[in-house]
1. Do we have any residue at all in region 35-56 that's in contact (Cβ under 8 Å) with a residue 12 or more places away in the chain and in contact with a His (Cβ under 7 Å, 6 or more places away or on another chain)?
2. Please verify whether Arg325 is over 26 Å from Ala404 (Cβ atoms) and charged (D, E, K, R), treating the condition exactly as stated.
3. In region 283-311, what residues are among the charged types (D, E, K, R) and in a strand (DSSP E or B)?
4. Applying the selection to region 79-110, what residues are open to solvent by less than 50 Å² (accessible area, probe 1.4 Å), over 29 Å from Ser176 (Cα atoms) and in contact with a strand residue (DSSP E or B) (Cβ under 8 Å, 6 or more places away or on another chain)?
5. Taking the criterion of being more than 22 Å from Leu48 (Cβ to Cβ), among the β-branched types (Val, Ile, Thr) and either in contact with a His (Cβ under 9 Å, 6 or more places away or on another chain) or within 16 Å of the ligand (Cβ to nearest atom) (or both), would at least one residue in region 243-266 satisfy it?
6. Applying the selection to region 376-395, what residues are of a type in the set (D, E, K, R) and in contact (Cβ under 8 Å) with a residue 12 or more places away in the chain?
7. Looking at region 332-348, can you tell me whether even one residue there is touching a helix residue (DSSP H, G or I) at 6+ places or on another chain (Cβ under 9 Å), at pLDDT below 95, loosely packed, with under 14 Cβ neighbours inside 10 Å and not charged (D, E, K, R)?
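The values are calculated or read from the model by the stated rules, or taken from the named source; none is laboratory data. Treat the numbers as computed from the prediction; the structure is a model and nothing was measured. Positions of Cβ are generated from backbone atoms using ideal geometry, with glycine treated the same way; all protein chains shown enter the neighbour counts. Quick note on the areas: whole protein, heavy atoms, side chains included, nothing else; ligands and nucleic acids left out. Shrake-Rupley method; radii C 1.70, N 1.55, O 1.52, S 1.80 Å.
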Amino acid sequence: MSETLRFVHAADLHLDSPFQGIKNTAPEHIASELREATFRAYDGIIDLCIERGVQALLIAGDVFDSADRSLNAQLRFIQGLERLHVSGIQSFVCHGNHDPMDGWTARLAFPESCHRFGPEIGAAPLGPDGQATVYGISYPQRNVVHDLTPDFQRRANDGFAIGLLHANVGLTAHESYAPCSLESLTRTGIDYWALGHVHNRAILNRSNPAVVYPGNTQGRHPNETGARGVYVVDVDTNDHPAIDFVPVSTVRWETAGICISELHTEQDLIDSLANVAEGLLHNSDRCSVVCRVELTGRGPQHTTLRRDGTLDALRSEINNHLSARSPFLWCERIVDRTGPEIDRAERRQAEDFLGDVLKMIDELQADPEERAEFIQTALGPLYSHSRARQYFEGHDPDAAGLLANAENRILARMLEIA
Ligand SMILES: [Mn+2]
């Protein structure tokens with residue numbers, strides 16, 4: 001390649017995500033800001049492309065949150081592409097499992113500079129002199145169970161070759177979303193794999209070929225924490241890509257933990273929660289925050305936390321102070337994993353049933369392998385259940401956490417101090 005190339009690689013915009021869970025509990029201004037969040041992130045990407053003077057925007061699938069995409073989402077998506085078009089920036093789009101081609105699509109006019117890939121692998125030139133070529137394919141329907149990469153093959157006069165694909169690299173064998181491997185991606189001769197599907201950003205390989213997931217552009221639930229964004233990619237004259245993350249999300253999901261062992265009064269508990277919430281908002285780079293707080297440890301406040309209505313009252317106390325600010329913080333949930341204050345060491349020494357249980361738990365906690373086996377046996381029926389198992393695929397249970405939780409429940413029941 002004779003000239004340098006700059007593009008933005010985005011994926012998983014999930015435009016018009018409903019944020020269903022929060023919508024029902026949060027005040028109107030927060031619900032509407034969340035409803036707008038995926039669009040604001042997208043508009044931020046368009047601004048970024050124009051500010052950085054890139055040649056192209058690549059979007060690797062899941063543009064829309066559902067196959068039954070709203071007209072509003074489609075119109076606003078095109079508005080962004082139009083802004084790029086006016087600035088002389090090309091766009092390349094493929095669709096994934098959330099927005100496959102058999103979903104409802106309005107017949108709308110796209111700008112000429114936008115290339116949308118169909119259900120067969122296609123190629124399109126990038127740049128006025130064909131300095132790069134983009135290959136891509138869209139999902140015809142939600143499930144694509146085979147590896148699509150063998151049909152991608154670069155040609156000699158492609159320039160810098162980019163593959164735009166929604167796919168699962170190197171995960172479980174039973175994946176329904178175009179499973180492939182680093183080896184199969186490398187065999188194609190493509191220089192940069194602009195992937196989508198995995199929502200946490202990851203650079204699986206930096207070059208020859210670069211294999212990159214930018215992650216989603218706006219977190220949508222408690223497991224999608226922190227800043228979310230896109231990669232700006234600069235390809236030098238030796239075809240080496242420099243890959244730079246730029247956040248675009250306007251609302252961040254965060255989780256925080258508080259240990260109650262040193263909190264003696266209810267006021268201590270409230271102050272500690274307020275400090276943690278202020279800290280999250282302070283460190284959010286001027287983004288709004290939706291947070292979940294987990295309370296752990298043993299202490300005198302456990303009995304207060306177990307009283308009806310306590311968790312709701314604590315949550316309201318935080319939200320009354322911080323949800324009206326701009327940027328706002330909204331505590332969506334406080335999870336109580338605390339235990340009663342007891343002299344555990346003494347109980348453990350006792351020659352009784354509870355002493356035996358605590359000794360057994362300690363042995364399991366000290367041996368990760370035994371512990372995992374014990375928990376797997378206990379959860380076996382759930383993991384092999386014909387309907388439940390799909391929700392657990394690829395998720396190992398948090399054995400230590402489950403066991404600690406079980407201990408707390410056993411202690412609470414047996415000592416009747418819940
Ligand atoms: Mn997705």
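1. The answer is yes, given that some residue of region 35-56 is in contact (Cβ under 8 Å) with a residue 12 or more places away in the chain and in contact with a His (Cβ under 7 Å, 6 or more places away or on another chain).
2. Yes.
3. Result: Arg292, Glu294, Arg298.
4. Once the filter is applied, which keeps residues that are open to solvent by less than 50 Å² (accessible area, probe 1.4 Å), over 29 Å from Ser176 (Cα atoms) and in contact with a strand residue (DSSP E or B) (Cβ under 8 Å, 6 or more places away or on another chain), region 79-110 yields Leu81, Leu84, Ile89, Gln90.
5. Yes, some residue in region 243-266 is more than 22 Å from Leu48 (Cβ to Cβ), among the β-branched types (Val, Ile, Thr) and either in contact with a His (Cβ under 9 Å, 6 or more places away or on another chain) or within 16 Å of the ligand (Cβ to nearest atom) (or both).
6. Selection gives Glu393 alone.
7. For region 332-348, residues touching a helix residue (DSSP H, G or I) at 6+ places or on another chain (Cβ under 9 Å), at pLDDT below 95, loosely packed, with under 14 Cβ neighbours inside 10 Å and not charged (D, E, K, R): absent.
Residue by residue, here is whether (1) part of a loop (DSSP other than H, G, I, E, B); (2) out of contact with any helix residue (DSSP H, G or I) (no Cβ under 9 Å at 6 or more places or on another chain); (3) of a type in the set (A, V, I, L, M, F, W, C) holds:
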residue: Arg6; (1), (2), (3): no, no, no
residue: Leu13; (1), (2), (3): yes, no, yes
residue: Ile22; (1), (2), (3): no, no, yes
residue: Ala31; (1), (2), (3): no, no, yes
residue: Leu34; (1), (2), (3): no, no, yes
residue: Thr38; (1), (2), (3): no, no, no
residue: Gly44; (1), (2), (3): no, yes, no
residue: Ile50; (1), (2), (3): no, no, yes
